[in-house]
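*Asks:* What follows is a structure written as structure tokens; I'll ask about it next.
We did not get these values from a lab; they are worked out from the coordinates using the rules stated. Values in this document were obtained by computation on a predicted structure and should not be read as measured data. Cβ sites come from the backbone with ideal geometry, for glycine too, and all protein chains shown count toward neighbours.
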């Protein structure tokens, strides 16, 4: 239970860009590329920076 709370606290502190980066990395290269095509340039830049 304490471990779940710790994970929840970490997630609460993450930005949307950081959450999106983790999600996209879990999808794989091809699927992530398809999602990134739907984002605007500034969004892609923010997510890309979070992935680095």
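*Asks:* So what's Rg/Rh here for region 2-51, counting alpha carbon atoms and using the Kirkwood radius for Rh?
*Replies:* Rounded to two decimals, Rg over Rh is 1.07.
*Asks:* Just order 14-26, 40-52 by mean Cβ neighbour count inside 10 Å, highest at the front, would you?
*Replies:* 14-26, 40-52
*Asks:* Moving on to the next point. What is the distance, in nm, between label points placed 7 Å from the Cα along the Cα-to-Cβ direction at residue 26 and at residue 49?
*Replies:* It works out to 2.4 nm between the two label points.
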